[in-house]
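Working notes for the structure below.
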Amino acid sequence: MNAKELEIAMWEAAKNRNAKAFLEIVDKDAVMVCGGFRCSGADYAEIGF
């Protein structure tokens, strides 16, 4: 997958509240910014999933 395809797949997983699919794309230790706060990819996958 290229970067654009990965980005689309990540947002589709988030939109569908599919934490497993999200974490197949995003590393659990990735640094994410959510609502102005920093969290890990694993933390982000738990938000709203």
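Values in this text are rule-based calculations from the coordinates and carry no lab data. Remember, predicted model here, so these are calculated numbers, not experimental data.
Table for the structure above
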read-out: Difference of contour (0.36 nm per residue) and Cα-Cα distance, Met32 to Asn18; value: 3.4 nm
read-out: Relative contact order, percent, the chain [alpha-carbon distance under 8 Å, six or more residues apart]; value: 31
